[in-house]
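A.B. asks: This is the structure, below, for whatever I ask next.
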Amino acid sequence: MTPFELHEPRSLRDALALLDADDPTVRPIAGGTALMLIMKAGVFRPSRIVSLRSIERRFAQIETMVDGEVRIGAMATLSEMERSPVVRRELPVVADTLPALSNVRVRNVATLGGHLAHADPHMDLPPVLMALGARVSADGPAGHRTIAAADLVSGYYETVLARNELITEVRLPTQGRRRAAYLKCTTRSVDDWPALGVAVVLDAEDGVVREASVVVSAATAKPTRLAGVEGVLRGARVDDRLLGRAGEAAVEGIDIIPDSRGSAAYKRELLRVTLARAIRQCLANRPTS
């Protein structure tokens, strides 16, 4: 690796002051599980790295707010989220997803903020958070703003964040009586990047869906909301015929990306099958309250 400056600010304010909106070689680092690999490969040669590990501890806290929402600081590690009683109680689908995300060594250092800002379309949490209705808070020299999780990623490894903005926290409503499931398909080892991920959140009773939120990932350039599927499910009773219609709606008009994990045709069929399984699993899961 080429030489670079390393700064370790102790406050968010100082960290933001060290970033540069006009210089792509200045980059923040949280857990570093992705950035360090890119640097070692020579794909990215930084002039300055701003470590976020020493900023205020409040940016790593996980708590339930007075309005009932869950707040997760951007510097909370994925392992901390996995072990958090708040996450297990209020967001069981997130707690269930985390143990299958990469491996424990990565989860011990990778942070929620870095996970989201990296915008790798194969990652597991973004589709789950999108389906749950999460909002991402970001801070920069221009101030604070809130971004819907569905609007954060703008393209392949791209987000709407400016180079001198940092994700500070994620807020999302508790799962409550909604039923949720995330299923992914890996074609190699279980901790490999998935060929497909599907997140489903349903408000349903007695097999009838009131509201639905469905997001596909890994097979697309970015996590993508399947509005057509949601329309098919909304107000309907789930049976084999409905699941078939939902599967066809899922593959209509969606740009599936072929790669080493499967062709576009294979992933389309995988989407049909996995979506049906995820919906069935949702209905089998008991609401949290």
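The values are calculated or read from the model by the stated rules, or taken from the named source; none is laboratory data. Just so it is clear, the model here is predicted, and its values are computed rather than measured. Note: ideal-geometry Cβ built from the backbone for every residue, glycine included; neighbour counts use all protein chains shown.
A.B. asks: Taking the range 32-62, which residues are modelled with pLDDT under 95, of a type in the set (Gly, Ala, Ser) and within 21 Å of Thr168 (Cβ to Cβ)?
C.D. replies: Gly32, Ala34
A.B. asks: Continuing with the same structure: Among the candidates Val238, Val208, Val201, Val232, which residue alone is closer than 19 Å to Val128 by Cα and either under 21 Å from the mean Cα position of the chain (by Cα) or aliphatic (A, V, I, L, M) (or both)?
C.D. replies: Within the list Val238, Val208, Val201, Val232, the selection yields Val201.
A.B. asks: Further, regarding this structure: Mind listing whichever residues of the range 172-203 are outside any strand (DSSP E or B), within 12 Å of Met123 (Cα to Cα) and touching a Gly at 6+ places or on another chain (Cβ under 9 Å)?
C.D. replies: Ala195
A.B. asks: What residue, among those in the range 112-138 that are touching a strand residue (DSSP E or B) at 6+ places or on another chain (Cβ under 7 Å) and charged (D, E, K, R), is nearest to Thr224 (Cα to Cα)?
C.D. replies: Asp124
Every residue, every condition in (1) at pLDDT below 95; (2) farther than 23 Å from Glu211 by Cβ; (3) out of contact with any Ser or Thr (no Cβ under 6 Å at 6 or more places or on another chain), yes or no:
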residue	(1), (2), (3)
Leu125	no, no, yes
Leu129	no, no, yes
Arg145	no, yes, yes
Glu158	no, yes, yes
Glu169	no, yes, no
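A.B. asks: Mind telling me which of the residues Asp14, Asp67 ends up being more than 27 Å from Ser102 (Cβ to Cβ) and at pLDDT 95 or above?
C.D. replies: Asp14
A.B. asks: Restricting to the range 255-282, name every residue that is buried (at least 18 other Cβ atoms within 10 Å of the Cβ) and not basic (Lys, Arg).
C.D. replies: Scanning the range 255-282 gives Ile256, Gly262, Leu270, Leu271, Thr274, Leu275, Ala276, Ala278, Ile279, Cys282.
A.B. asks: If you go through the range 246-262, how many residues are of a type in the set (A, V, I, L, M, F, W, C) and part of a helix (DSSP H, G or I)?
C.D. replies: Number satisfying all stated conditions: 4.
A.B. asks: Here is a further query. Only one of Val170, Val201 is touching a residue at least 24 places away in the same chain (Cβ under 8 Å), β-branched (Val, Ile, Thr) and more than 30 Å from Pro24 (Cβ to Cβ); which?
C.D. replies: Val201
Every residue, every condition in (1) in contact with a helix residue (DSSP H, G or I) (Cβ under 8 Å, 6 or more places away or on another chain); (2) within 17 Å of Pro194 (Cα to Cα), yes or no:
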position: Val106; (1), (2): yes, yes
position: Ala117; (1), (2): no, no
position: Pro121; (1), (2): no, yes
position: Val128; (1), (2): yes, yes
position: Gly140; (1), (2): yes, no
position: Gly143; (1), (2): no, no
position: Ala150; (1), (2): yes, no
position: Gly155; (1), (2): no, no
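A.B. asks: Restricting to the range 196-243, count the residues that are within 20 Å of Asp259 (Cβ to Cβ) and surrounded by fewer than 24 Cβ atoms within 10 Å (Cβ to Cβ).
C.D. replies: Going through the range 196-243 one residue at a time, the tally reaches 4.
A.B. asks: What residue, among those in the range 114-136 that are over 25 Å from Met36 (Cα atoms) and either of a type in the set (Asp, Glu) or free of Cβ contacts under 8 Å to residues at least 60 places away in the same chain (or both), is surrounded by the most Cβ atoms within 10 Å (Cβ to Cβ)?
C.D. replies: Leu129
A.B. asks: Sticking with this structure for a sec: Looking at the range 244-254, which of its residues are surrounded by 13 or more Cβ atoms within 10 Å (Cβ to Cβ) and either of a type in the set (Phe, Trp, Tyr) or modelled with pLDDT under 95 (or both)?
C.D. replies: Ile254
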